[in-house]
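**Student:** One structure is given below, represented as structure tokens, and several questions about it will come after.
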Amino acid sequence: MTGPSAAAIRPRERDALLQSLRAGVVPRMGQQHVQVGRVNEVQALLSDINRINDGGSGSRFIIGDYGSGKTFFLHLIRSIALQQKLVTVHADLSPDRRLQATGGQARSLYAELMRNMSTRAKADGGAMSSVVERFVTQALTESRASGEAVETIIRRNLDQLSELTGGYDFAEVIAKYWQGHDTGNEQLKADAVRWLRGEFTTRTDARAALGVRTIVDDSNFYDQLKLLALFVRLAGFGGVLVCLDEMVNLYKLANSQARNSNYEQILRILNDSTQGTASGLGFVFGGTPDFLLDPRRGLYSYAALQSRLEENSYAVDGLVDYSGPVLRLTSLTPEDFYVLLTKLRHVQAGGEESAYLIPDEGITAYMHHCAQRIGDAYFRTPRNTIKSFLDLLAVLEQNPGRQWEDLLVGVKLEHESNPDLAPLAPAEPTPHPTTPTQTVETAANSGSGTPQGNSLADRDDDELSAFRL
């Protein structure tokens, strides 16, 4: 059995795929060569993409275990969206990049999203200038046909933006870009793109450069995304798809107030998506089951989100529902995993069947070896298994005299643990209760030296289990 086709693979794609997969990261190109299974999930996201193209909106939460392929799935959906004439932006959340903050973390996330803006013609990011240039070019073409001034056409087309928060300044920045284009002022064009990317840190600098009084900051992060979605539709694209991975970083926030503020922002996005008030804007969030289900820190700890994200109570006993906001990535079947390994062998050989380094029976033996070492986890969370298989092929390629049978017994595999849960280990057991005398004495001492407002009830940190008398 040979799953892949006999089509040759370009060396650039081959090297990018192999290097990324051996490092345990998602490749930026060539995903179509190794994609297997999850047809229903892809179809569900494709319906969302079509809805965004029609001016609608949508939000999906892609939930899967650590190493189950969430990031790969998000990259695959991005590539499909680009083919459907959407503009995509993507970023990973981190302690310095969040949806809601007061210290610049939300602006930092917006700037990262804009740096990674992609179109079908510019799939590697940095497409902001191309999108603005396309909008201006359309206005220039219309001006030549009608004889009307270009700036008049631009401002008329941007009138729709004034209905949204911050729309006037957004339109003014686009007009400044045309002014710089018309007069040959490259600095003015660069400043306009800087503003659109969220790279101005002070209003003073923005006013001096562009004459606008606002900038992209923590308070208007989501409003700017809605403005951007409407603008790219005016430029001739279908809309914007926002892909946010590593949502578990919100789950890891120790400060309950900061965590709830981010969950409120997610609730706002979800409400707008379901009500259709965010035209041409879609969100795809990637997270682990703990991020969703944990009743203390996860999305389910926020009652309004829990009621909106609860699974269909009728989808039991093998029944599925792919239309809800939460999409759980199903595990690959052993058959899917066999096809995946044959595709990896095909990529390693550069698409030449004569260059295969391991036969079909060798792949079967490798799967049997993995099943004996770590059980069914080898296809449920396949990252380590894929890395090990590619390492085996690399050794066979560089040592032509060795046989795969001799090397197979030396393949070592371990269960893949989730490092995201390391900081959330249970606290040490609480010591035995103190006597009333000790309690009164401790309270008196703490009351005499502790300023008002530093009591335990006033603290933002919810790590009460770590409190010691």
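The values are calculated or read from the model by the stated rules, or taken from the named source; none is laboratory data. Computed from a predicted model, the values in this text were never measured in an experiment. Here Cβ is always computed from backbone atoms with ideal geometry, including for glycine, and neighbour counts include all displayed protein chains. Heads up: the accessible areas ignore ligands, DNA and RNA and are worked out on the full protein's heavy atoms, side chains in. Shrake-Rupley method; radii C 1.70, N 1.55, O 1.52, S 1.80 Å.
Rundown of residues vs (1) open to solvent by 10 Å² or more (accessible area, probe 1.4 Å); (2) under 23 Å from Thr274 (Cα atoms); (3) not in a helix (DSSP H, G or I), yes/no style:
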residue	(1), (2), (3)
Gln43	yes, yes, no
Leu46	yes, yes, no
Ile52	no, yes, no
Ile77	no, yes, no
Ala81	no, yes, no
Lys85	yes, yes, yes
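**Student:** So, one more: So, Arg383, is that one modelled with pLDDT under 75, open to solvent by 20 Å² or more (accessible area, probe 1.4 Å), of a type in the set (Lys, Arg) and at negative phi or not?
**Tutor:** So Arg383 fails the test.
**Student:** State which residue is farthest from Gly69 (Cα to Cα) when the search covers only region 263-290 and only residues that are part of a helix (DSSP H, G or I) and touching a Gly at 6+ places or on another chain (Cβ under 7 Å).
**Tutor:** By that ranking, first place goes to Ser273.
**Student:** Surrounded by fewer than 20 Cβ atoms within 10 Å (Cβ to Cβ) and within 30 Å of Gln32 (Cβ to Cβ): which single residue out of Asp317, Asp336 fits that description?
**Tutor:** Within the list Asp317, Asp336, the selection yields Asp336.
**Student:** Quick one: would you say Tyr322 is surrounded by fewer than 18 Cβ atoms within 10 Å (Cβ to Cβ) and either touching a Gly at 6+ places or on another chain (Cβ under 9 Å) or not charged (D, E, K, R) (or both)?
**Tutor:** Spelling it out, Tyr322 is indeed surrounded by fewer than 18 Cβ atoms within 10 Å (Cβ to Cβ) and either touching a Gly at 6+ places or on another chain (Cβ under 9 Å) or not charged (D, E, K, R) (or both).
**Student:** With (1) over 22 Å from Thr71 (Cβ atoms); (2) free of Cβ contacts under 8 Å to residues at least 24 places away in the same chain as the list, and Leu293 as the residue in question, which single condition is left unmet?
**Tutor:** Exception for Leu293: condition (1).
**Student:** Could you tell me which of the residues Leu227, Leu241 is in contact with a Gly (Cβ under 8 Å, 6 or more places away or on another chain), outside any helix (DSSP H, G or I) and under 30 Å from Gln84 (Cα atoms)?
**Tutor:** Leu241
**Student:** So which residues in region 1-22 are farther than 19 Å from Ile358 by Cα, at pLDDT below 85 and open to solvent by less than 60 Å² (accessible area, probe 1.4 Å)?
**Tutor:** Selection gives Glu13 alone.
**Student:** Something else: Looking at Arg97, Arg38, Arg51, which is the one that is in contact with a Ser or Thr (Cβ under 9 Å, 6 or more places away or on another chain) and within 20 Å of Lys252 (Cα to Cα)?
**Tutor:** From the options Arg97, Arg38, Arg51, the qualifying one is Arg97.
**Student:** Is at least one residue of region 138-145 assigned to a helix (DSSP H, G or I) and either closer than 24 Å to His90 by Cβ or aromatic (Phe, Trp, Tyr) (or both)?
**Tutor:** no
**Student:** Further question on the same structure: Inspect all residues belonging to region 243-259 and state whether any of them is within 30 Å of Glu172 (Cβ to Cβ), surrounded by 20 or more Cβ atoms within 10 Å (Cβ to Cβ) and touching a helix residue (DSSP H, G or I) at 6+ places or on another chain (Cβ under 7 Å).
**Tutor:** yes
**Student:** Can you tell me which residue within region 203-219, out of those that are among the polar types (S, T, N, Q) and either under 29 Å from the mean Cα position of the chain (by Cα) or not in a helix (DSSP H, G or I) (or both), is surrounded by the most Cβ atoms within 10 Å (Cβ to Cβ)?
**Tutor:** It comes out as Thr214.
**Student:** Here's another thing I want to ask about it. Examine region 58-69 for a residue that is in a helix (DSSP H, G or I) and either over 15 Å from the mean Cα position of the chain (by Cα) or surrounded by fewer than 19 Cβ atoms within 10 Å (Cβ to Cβ) (or both), and state whether such a residue exists.
**Tutor:** no
**Student:** Considering (1) open to solvent by 50 Å² or more (accessible area, probe 1.4 Å); (2) modelled with pLDDT of 80 or more; (3) part of a helix (DSSP H, G or I), say which one Leu344 fails and leave the rest.
**Tutor:** (1)
**Student:** If you don't mind, there's one more thing I want to ask. Residue pairs, Cβ under 8 Å, 6 or more apart or interchain, first in region 152-167 and under 13 Å from Ala278 (Cα atoms), second of a type in the set (S, T, N, Q) and in a helix (DSSP H, G or I). List them.
**Tutor:** Here the result reads Thr165/Asn220, each pair linking region 152-167 to a residue that is of a type in the set (S, T, N, Q) and in a helix (DSSP H, G or I).
**Student:** Additional query: Any chance region 166-187 includes a residue that's in contact with a Ser or Thr (Cβ under 6 Å, 6 or more places away or on another chain), open to solvent by less than 60 Å² (accessible area, probe 1.4 Å), modelled with pLDDT of 90 or more and closer than 17 Å to Val232 by Cβ?
**Tutor:** No, every residue in region 166-187 fails to be in contact with a Ser or Thr (Cβ under 6 Å, 6 or more places away or on another chain), open to solvent by less than 60 Å² (accessible area, probe 1.4 Å), modelled with pLDDT of 90 or more and closer than 17 Å to Val232 by Cβ.
**Student:** Here is a further query. Could you please let me know if Leu113 is assigned to a loop (DSSP other than H, G, I, E, B) and buried (at least 22 other Cβ atoms within 10 Å of the Cβ)?
**Tutor:** no
**Student:** Determine if region 351-359 includes at least one residue that is under 30 Å from Asn260 (Cα atoms), touching an Asp or Glu at 6+ places or on another chain (Cβ under 8 Å) and open to solvent by 20 Å² or more (accessible area, probe 1.4 Å).
**Tutor:** no
**Student:** Filter region 87-110 down to the residues that are open to solvent by 10 Å² or more (accessible area, probe 1.4 Å), not polar (S, T, N, Q) and not in a loop (DSSP other than H, G, I, E, B) and list them by number.
**Tutor:** His90, Asp92, Arg97, Arg107
**Student:** Quick test of your reading of the structure: Ile77 fulfils all but one of (1) within 26 Å of Asp321 (Cα to Cα); (2) in contact with a Pro (Cβ under 6 Å, 6 or more places away or on another chain). Name the failing condition by number.
**Tutor:** All conditions are met except number (2).
**Student:** Here's something else I'd like to know. For region 326-358, how many residues meet the condition of being closer than 23 Å to Asp48 by Cα, touching a Lys or Arg at 6+ places or on another chain (Cβ under 6 Å) and not polar (S, T, N, Q)?
**Tutor:** 1
**Student:** Go through region 168-185 and count every residue that is in contact (Cβ under 8 Å) with a residue 24 or more places away in the chain and among the small types (Gly, Ala, Ser).
**Tutor:** The total comes to 1.
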